[in-house]
Every structure is written in C-alpha cells, then in structure tokens.
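Shown next, in structure tokens, is the structure this report addresses.
What follows is calculated from the coordinates using simple rules that are stated; it is not laboratory data. On a predicted model such as this, the values are computed, not experimentally measured, just so you know. Ideal geometry is used to build each Cβ from the backbone, glycine not excepted, and the neighbour counts take in all protein chains shown.
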Amino acid sequence: MPRSIKLIDLAPTMARVLGVKTPPLDGTAIDLVEGWGCDRVILGIVDSLGYGLCRALEPDLPVMRSMAEEGLILRAESVASSTTPAIASILTGLTPENHGITNTAQACESKIRSLLEWASFDEVPSAVVMEEEGARTFEGFVDLVMGVPKSREGGDFDREVLARSLQALKMDPRLLVGHYVGIDRIAHLGGGIEEIREAASEIDGHLGVLASAIPAGSMMIVCGDHPLHAGGLKDVFDSKDVAAIFWRKGRPLRRSLS
Ligand SMILES: [Zn+2]
C-alpha cells in the first residue's frame with residue numbers, strides 16, 4: 001500500500017529540494033525523496049490525473065510507469081475539486097481555506113506567493129508554462145512566464161506546453177512548472193475511457209520528451225490536481241486521491257526515455 005500524502009505537501013517538499021525558504025505552510029515536506037541529491041525540480045501537473053485512473057491507464061503510460069518503478073508513486077489527497085484552487089494548493093502548500101484562491105481573478109489579486117516566487121526571491125531561476133490567464137498571475141515575480149492560449153484544443157494546448165517547456169529549459173531553470181490539460185478537456189467534452197486513454201498517452205509522450213531534455217540530477221514530479229471531476233467517469237476511479245510520481249533523472253530509463 002503506497003504511503004499517502006496530500007497535495008499541499010508538494011510545495012514544502014520541492015522547496016526543501018531546492019533549498020528555498022518558505023513562509024509557514026499547511027503541508028509538510030515528505031522525507032521519502034530526501035537523500036536523492038537533486039538540485040532541480042521539473043513539475044508536470046496533469047489535470048484530472050486521479051490515482052486510480054493513473055493506475056488503470058498505466059499499461060499505456062510507459063513513461064509514467066517507468067518513473068514510478070524507478071522512483072515512487074504515491075497516493076496524494078487532493079485538497080480541492082477544481083483546478084484553480086487545487087493548483088494554488090500545489091504551488092503554495094496552503095489549503096484552499098488558507099490561500100483563498102478560487103478563480104484566476106482572485107489569483108491575480110492575491111498577495112499570497114507560491115513556490116515559484118519564493119524560488120525567484122532566493123535567486124533560484126524558475127519558469128512556469130500554463131494557460132495564459134493563470135500564467136499572468138506570476139508575471140513580474142517569476143523569471144520566465146509562458147502562457148498558452150486557453151482557446152487551444154486540449155492536444156494542441158499540451159503540445160504547446162511541451163514546446164514552451166523545452167524552450168524554457170534553454171534558460172537553465174532550477175524549477176520548471178508545466179500544466180497539461182488534455183485529460184480534463186476530454187472529460188469535460190464527455191469523452192469515454194478510450195479517449196481519455198489517448199489523451200493520457202499523449203501527455204505521457206510529452207513527459208518522456210521533457211525527461212530526455214532535462215539534466216541528470218533533476219527531480220521530476222508528475223501529479224494530478226484533482227480526480228476526474230466531469231463526464232461519465234467522474235467518481236469511477238477515484239473519490240479524492242490523485243497520483244504523485246517522483247523520479248530522479250540519473251541513468252537513462254531502460255525502455256522509453258533513452
Ligand atoms: Zn483541473
């Protein structure tokens with residue numbers, strides 16, 4: 001039985017890996033990745049990647065499966081059922097009650113800062129790639145902010161997140177955050193398991209390309225924000241847990257990432 005954590009534990013965990021100071025947080029750093037000796041964190045937030053869903057799709061997700069096998073896969077309790085507050089919790093280490101961010105407009109006005117800003121304040125170069133309205137909340141605080149238009153169809157959106165992430169790597173960030181939306185978009189369109197599998201498999205491929213491009217010694221974390229919250233498969237795989245995969249890039253992965 002994998003150990004369970006909460007999504008609010010990710011920000012303090014990443015801050016500890018990067019040696020970045022944080023304000024008091026609701027989450028606590030998980031000690032399972034201590035001693036991995038990583039100096040960089042690449043975080044891929046995969047929208048709607050519930051824990052049960054991830055396990056069910058695993059045969060078609062060779063990259064995530066390899067990462068989980070070589071590293072860790074944990075069940076992480078999601079602390080919000082919609083994207084904006086969930087991502088705010090992932091990045092701030094605060095519960096939704098304490099960060100108070102329920103929509104993007106509030107995120108813009110919020111005085112609460114996140115891992116990306118703490119990193120920048122501590123001169124740890126950081127970059128974020130996400131939907132442009134959400135990305136705007138980081139402008140002026142984070143070294144590199146790249147927005148992708150919300151109007152892009154899910155597959156195109158994720159391809160662009162990957163392309164911009166690869167571009168961002170040229171700046172040699174020690175923290176890179178990207179948000180992939182394909183699974184969630186399909187769920188909102190009423191797609192069934194086959195379409196979701198296809199979207200997940202595309203994202204898995206993107207994560208493989210990204211994993212190949214990052215320097216050895218990087219920690220890659222792949223996590224969901226909330227379980228499927230729309231469409232016919234809502235509540236089928238998960239009630240509140242999402243997947244959280246931790247992997248350290250050392251030697252090349254045997255199968256998929258070489
Ligand atoms: Zn979401």
> Restricting the search to the stretch 1-55, which residues are closer than 20 Å to GLY217 by Cα and polar (S, T, N, Q)?
Replying inline: THR13
> Any idea how many residues of the stretch 53-80 are touching a Pro at 6+ places or on another chain (Cβ under 8 Å) and within 16 Å of the ligand (Cβ to nearest atom)?
Replying inline: 4
> Inside the stretch 165-221, can you point out the residues that are touching a residue at least 40 places away in the same chain (Cβ under 8 Å), assigned to a helix (DSSP H, G or I) and of a type in the set (S, T, N, Q)?
Replying inline: SER165, SER201, SER212
>> Among the residues of the stretch 92-107, are any away from the ligand (no atom under 14 Å from the Cβ), touching a helix residue (DSSP H, G or I) at 6+ places or on another chain (Cβ under 6 Å) and part of a helix (DSSP H, G or I)?
In response: yes
> Are any residues in the stretch 163-184 over 13 Å from the mean Cα position of the chain (by Cα) and more than 16 Å from the ligand (Cβ to nearest atom), and if so, which ones?
Replying inline: ALA163, ARG164, LEU166, GLN167, ALA168, LEU169, LYS170, MET171, ASP172, PRO173, ARG174
